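The values are calculated or read from the model by the stated rules, or taken from the named source; none is laboratory data. Quantities reported herein were computed from a predicted structural model and do not represent experimental measurements. All Cβ positions, even for glycine, are placed from backbone atoms using ideal geometry, and neighbour counts span all protein chains on display.
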């Protein structure tokens, strides 16, 4: 089962594969931008108190006007949002035999909504609560799954990210 937002996410991945959309890779393995990032990232890591590798992803967005870091890492978001070019995503990835904790679907959106505009939580203006789970999980908990802004099944992602074929 793929929601309309899930279909849009799949279309986005397909456009990357076709080459219609350019993706900026993590700079820790792109030698060409290493020199720029060597100046930016250690300073950003020290300034935010975050791991160097987290700041390398963000450095790409900071260096390229057309790029934005989309992160589900709340800790990094709260420390680095003031630097700009970062968007919040609250992503829940469930396993086939998993289950929601009490009130989990409700709390995802409520927490994200409460954090809008709060400097302590990244001062973001918008968010998306995304559920990623096997189709059987989505079918088993349909009412709870609808509480997320969008959902996409592992099976829909698997052709693009083989790790999800085993999840």
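Evaluate the following for residue 108: is it assigned to a helix (DSSP H, G or I), in contact with a strand residue (DSSP E or B) (Cβ under 8 Å, 6 or more places away or on another chain) and under 23 Å from residue 74 (Cα atoms)? Give the derivation first.
Details: assigned to a helix (DSSP H, G or I): yes; in contact with a strand residue (DSSP E or B) (Cβ under 8 Å, 6 or more places away or on another chain): yes; under 23 Å from residue 74 (Cα atoms): yes.
Yes, satisfied.
State whether the residues of region 99-110 include one that is touching a helix residue (DSSP H, G or I) at 6+ places or on another chain (Cβ under 7 Å) and either over 29 Å from residue 18 (Cα atoms) or loosely packed, with under 13 Cβ neighbours inside 10 Å (or both). Before the answer, list the steps.
As a first pass, look at region 99-110 and keep what is touching a helix residue (DSSP H, G or I) at 6+ places or on another chain (Cβ under 7 Å): 100, 105.
Now restrict to residues that are either over 29 Å from residue 18 (Cα atoms) or loosely packed, with under 13 Cβ neighbours inside 10 Å (or both): 100, 105.
Yes, the conditions are met somewhere in region 99-110.
Only one of the numbered conditions (1) within 27 Å of residue 108 (Cβ to Cβ); (2) part of a helix (DSSP H, G or I); (3) at pLDDT below 75; (4) in contact with a helix residue (DSSP H, G or I) (Cβ under 7 Å, 6 or more places away or on another chain) is not met by residue 78, and that is (3). Once region 85-98 is narrowed to residues that are part of a loop (DSSP other than H, G, I, E, B) and touching a helix residue (DSSP H, G or I) at 6+ places or on another chain (Cβ under 7 Å), the residue that is modelled with the lowest pLDDT is 85.
On the given criteria, is residue 56 outside any loop (DSSP other than H, G, I, E, B) and either at pLDDT 80 or above or within 12 Å of the chain's Cα centre (by Cα) (or both)?
It is false that residue 56 is outside any loop (DSSP other than H, G, I, E, B) and either at pLDDT 80 or above or within 12 Å of the chain's Cα centre (by Cα) (or both).
Against the list (1) touching a helix residue (DSSP H, G or I) at 6+ places or on another chain (Cβ under 6 Å); (2) in contact (Cβ under 8 Å) with a residue 60 or more places away in the chain; (3) part of a loop (DSSP other than H, G, I, E, B), the condition residue 127 fails is (2).
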